[in-house]
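Peer 1: Please read through the structure below; I'll follow up with questions.
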Amino acid sequence: MSKPSTYLDHSATTATDPRVLEAMLPYFGERYGNPSSLYQAGATVRQALDEARRRIAEVLGARPKEIFFTSCGTESDNMAIRGAVWAQRDARNHIITSQVEHHAVSHTCKQLEEVFGCEVTYLPVDREGLVDPDAVGRAITERTALISIMYANNEVGTVEPINKIAKIARQHQIPFHTDAVQAPGLLPLNVDTLGVDLMAISGHKFYAPKGVGVLYVRTGTKLVPTQTGGGQERGMRAGTENTALIIGLARALELAESARPAEVLRLTALRDDLIQGVLNSIPDAVLTGSTTERLASHTSFLFNGVEGEGVVLKLDMAGIAASSGSACSSGDEGPSPVLAALGYTYPLSRGSLRLSLGRENTPEDVEHVLRELPPIIASLRALSPYYNSDGTVALSAPAW
Amino acid sequence: MYSPVLLDHFTNPRNIGTLDNPDGYARVTSPGCGDQMELFLRVTDERISDIRYRAFGCAAAIASSSMASEMIKGRTLEEASRLTGEEVSEELGGLPEAKFHCAIMAASAINAALRDYCTKHPTVPFCTSF
């Protein structure tokens, strides 16, 4: 049991970079002033906040006044979607999104549908999880107020063709939002190249702490504030700025962006070794998502006959941290909507495992997984009424 | 989230496997999440002389199946029929509320396998009143 710890859940969260922590520390201590205060202690912090905003804008190819600080990616998504739809409430009330969005987007759209009478089109995806840009075009009506399609999928790692979708949105003068929470450090973030009007990111996915996010809002995109109060963030997001974490996010984003070209190459090689290793060593393993349009850090699999939670627990006992979207926690939670949208059905869809790589991972970590995972899958399959050793399904899926 | 007893039963499940020509057989699915237990009973002199199962589901589902199998092995049919999900959960150190249905599934699989046994052996004294 005393095996080295291998963290492979970077799509869930990352450890704060020591350089980021160092940048933040003064703002927990001597630089405690409120950036809205007029005296020197406030002004010093205001300057640091402005500087953070400027540096983030530079990475995104945006203007500083287009950067808004929030508490997390979920808040950024909420602020973008609800804010943009409310801003057009008398004229347009139709939203186009996909069936594979993060809950921060899909549940927000669902609420606008159920509580505010909006109409929402949830576009299907193909087997690899890709949204068809032409389908976006076909779904547009004169009532369409917003298009929201994620940049990269958290469960299956698929990178969506958002620049093509953004072009279509712009032709129709419809604001385009993207949940880019999985993207920093792995994909280009230039908002003009991407063509996005609204873009959400979250600090803790790229080695900043939890509790801080950004929403990019292109000049001219109308939003109604969803959090009201004082005049912070130019009236768009009330509440005293979380100065230390914002400064941390700015530092982390710069570091992630400057490391990106080399890191993407390094992670892609590790990722492909991991994928090949798993597919070669475990019978009937299925890679979900795309082989080509895929985050450099991301692997996701299905193992028939087993249930993901057991795999995650056994990996944990072997010193490997991973995740599964399949956990049956409440009893009324069905299989993953994302895997269902890709066409994977029960019981296969219950056997999902995500291994997401990051900065500290090495080839030894991949070897560690390839040593531990095959016997774990074999041991759980031996218990399973669904799996025969010849790979055939032992029992048909029940009516469920 | 899980007790050491539960993790032990999940890691080393007791009585795993199948029986040829079982005296009682059942396959039940948890309606909430699709967990599944397939149960095989051998009955000798109105006692559970052997029990095997296979389980598909989370750690709580596997551990509940394992614990339930231990709790009724060697017991009379009457005793086995009285096993409840509450008792299985208790023996596992108390399941989290969201996982309680796993213990229910194990108890109902036993009930269904006894039902199957009684369909085949309606004249056995236990079965006349079950």
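The values are calculated or read from the model by the stated rules, or taken from the named source; none is laboratory data. A quick note: this is a predicted structure, and the numbers were derived from the prediction, not measured. Here the Cβ positions follow ideal geometry from the backbone for every residue, glycine too, while neighbour counts run over all protein chains shown.
Peer 1: Given the structure, is A:ASN34 surrounded by fewer than 22 Cβ atoms within 10 Å (Cβ to Cβ), touching a residue at least 12 places away in the same chain (Cβ under 8 Å) and either outside any loop (DSSP other than H, G, I, E, B) or not assigned by TED's automatic domain parsing to the domain that holds A:SER148 (or both)? Quick ask: steps written out before the conclusion?
Peer 2: Values: surrounded by fewer than 22 Cβ atoms within 10 Å (Cβ to Cβ): yes; touching a residue at least 12 places away in the same chain (Cβ under 8 Å): yes; either outside any loop (DSSP other than H, G, I, E, B) or not assigned by TED's automatic domain parsing to the domain that holds A:SER148 (or both): no.
Criteria not met by A:ASN34.
Peer 1: Anything in the stretch A:140-173 that is closer than 20 Å to A:ARG82 by Cβ, of a type in the set (A, V, I, L, M, F, W, C) and touching a residue at least 40 places away in the same chain (Cβ under 8 Å)? List them, or say none.
Peer 2: If the condition is that a residue be closer than 20 Å to A:ARG82 by Cβ, of a type in the set (A, V, I, L, M, F, W, C) and touching a residue at least 40 places away in the same chain (Cβ under 8 Å), then A:ALA145, A:LEU146, A:ILE147, A:ILE149, A:MET150 are the ones that fit.
Peer 1: Could you look through the stretch B:39-51, keep only residues that are in contact (Cβ under 8 Å) with a residue 60 or more places away in the chain, in a strand (DSSP E or B) and not aromatic (Phe, Trp, Tyr), and pick out the one that is nearest to the other protein chains (Cβ to nearest Cβ)? Outline the logic, then answer.
Peer 2: Kept after step one, since they are in contact (Cβ under 8 Å) with a residue 60 or more places away in the chain, are these residues of the stretch B:39-51: B:39-41, B:43, B:46.
Add one more test, that the residue is in a strand (DSSP E or B), and what stays is B:39-41, B:43.
Then drop every residue that is not not aromatic (Phe, Trp, Tyr), which leaves B:39, B:41, B:43.
Working: B:LEU39: 10, B:LEU41: 15, B:VAL43: 21 Å.
Among residues in the stretch B:39-51 that are in contact (Cβ under 8 Å) with a residue 60 or more places away in the chain, in a strand (DSSP E or B) and not aromatic (Phe, Trp, Tyr), the one nearest to the other protein chains (Cβ to nearest Cβ) is B:LEU39.
Peer 1: How many of the residues in the stretch A:37-80 are surrounded by 22 or more Cβ atoms within 10 Å (Cβ to Cβ), of a type in the set (Ser, Thr, Tyr) and assigned to a helix (DSSP H, G or I)?
Peer 2: Residues meeting the conditions: 1.
Quick grid of which residues meet (1) of a type in the set (A, V, I, L, M); (2) assigned by TED's automatic domain parsing to the domain that holds A:THR362; (3) buried (at least 16 other Cβ atoms within 10 Å of the Cβ):
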{"residue": "A:GLY230", "(1), (2), (3)": "no, no, no"}
{"residue": "A:ARG237", "(1), (2), (3)": "no, no, yes"}
{"residue": "A:GLU241", "(1), (2), (3)": "no, no, yes"}
{"residue": "A:ILE247", "(1), (2), (3)": "yes, no, yes"}
{"residue": "A:THR268", "(1), (2), (3)": "no, yes, yes"}
{"residue": "A:LEU279", "(1), (2), (3)": "yes, yes, no"}
{"residue": "A:LEU287", "(1), (2), (3)": "yes, yes, yes"}
{"residue": "A:THR299", "(1), (2), (3)": "no, yes, yes"}
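Residues are listed down the side, and each one gets a yes or a no for (1) buried (at least 16 other Cβ atoms within 10 Å of the Cβ); (2) farther than 18 Å from B:PRO13 by Cα; (3) within 14 Å of chain A (Cβ to nearest Cβ):
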{"site": "B:TYR53", "(1), (2), (3)": "yes, no, yes"}
{"site": "B:ALA61", "(1), (2), (3)": "yes, no, yes"}
{"site": "B:GLY74", "(1), (2), (3)": "no, no, no"}
{"site": "B:LEU83", "(1), (2), (3)": "yes, yes, no"}
{"site": "B:GLU90", "(1), (2), (3)": "no, no, no"}
{"site": "B:PRO96", "(1), (2), (3)": "no, yes, yes"}
{"site": "B:LYS99", "(1), (2), (3)": "yes, no, yes"}
{"site": "B:ALA103", "(1), (2), (3)": "yes, no, yes"}
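Peer 1: Could you tell me whether A:SER384 is part of a loop (DSSP other than H, G, I, E, B), at pLDDT 90 or above and within 11 Å of another protein chain (Cβ to nearest Cβ)?
Peer 2: Values: part of a loop (DSSP other than H, G, I, E, B): yes; at pLDDT 90 or above: yes; within 11 Å of another protein chain (Cβ to nearest Cβ): yes.
Judged against the criteria, A:SER384 is a match.
Peer 1: What do you reckon, is A:GLU241 part of a loop (DSSP other than H, G, I, E, B) and not hydroxyl-bearing (Ser, Thr, Tyr)?
Peer 2: Judged against the criteria, A:GLU241 is a match.
Peer 1: If you don't mind, another one. Give the residue that is surrounded by the most Cβ atoms within 10 Å (Cβ to Cβ), with candidates limited to residues of the stretch B:17-38 that are within 14 Å of another protein chain (Cβ to nearest Cβ) and polar (S, T, N, Q).
Peer 2: Restricting to residues being within 14 Å of another protein chain (Cβ to nearest Cβ) and polar (S, T, N, Q), the top hit is B:GLN36.
Peer 1: Within the bounds of the stretch B:73-84, is there any residue that is assigned to a helix (DSSP H, G or I) and under 22 Å from A:LEU380 (Cα atoms)?
Peer 2: No: the stretch B:73-84 contains no residue that is assigned to a helix (DSSP H, G or I) and under 22 Å from A:LEU380 (Cα atoms).
Peer 1: While we're on this one: Residues in the stretch A:290-312 that are modelled with pLDDT of 95 or more and touching an Asp or Glu at 6+ places or on another chain (Cβ under 6 Å): how many?
Peer 2: Going through the stretch A:290-312 one residue at a time, the tally reaches 1.
Peer 1: Please verify whether B:SER66 is of a type in the set (S, T, N, Q), outside any strand (DSSP E or B), in contact (Cβ under 8 Å) with a residue 12 or more places away in the chain and surrounded by 24 or more Cβ atoms within 10 Å (Cβ to Cβ), treating the condition exactly as stated.
Peer 2: yes
Peer 1: Does A:GLU360 satisfy being assigned to a helix (DSSP H, G or I), more than 27 Å from B:ILE104 (Cβ to Cβ) and more than 14 Å from chain B (Cβ to nearest Cβ)? Explain how you work it out, then say what you get.
Peer 2: Values: assigned to a helix (DSSP H, G or I): no; more than 27 Å from B:ILE104 (Cβ to Cβ): yes; more than 14 Å from chain B (Cβ to nearest Cβ): yes.
In short, no.
Peer 1: Tell me whether the stretch A:227-250 contains one or more residues that are among the acidic types (Asp, Glu) and closer than 30 Å to A:TRP86 by Cα.
Peer 2: Checked the stretch A:227-250: at least one residue is among the acidic types (Asp, Glu) and closer than 30 Å to A:TRP86 by Cα.
Peer 1: Name the strands (runs of 3 or more DSSP E) wholly inside the stretch A:102-216 in which the number of residues that are buried (at least 24 other Cβ atoms within 10 Å of the Cβ) and within 18 Å of the chain's Cα centre (by Cα) is 1 or more. Break it down into steps so the answer makes sense when it comes.
Peer 2: Working: elements: A:119-123, A:144-148, A:176-179, A:198-202.
Correct list: A:144-148, A:176-179, A:198-202.
Peer 1: In addition: Starting from residues that are of a type in the set (D, E, K, R) and outside any helix (DSSP H, G or I), keep the ones in the stretch A:261-311 and report whichever is nearest to A:PRO363 (Cα to Cα).
Peer 2: A:ARG294
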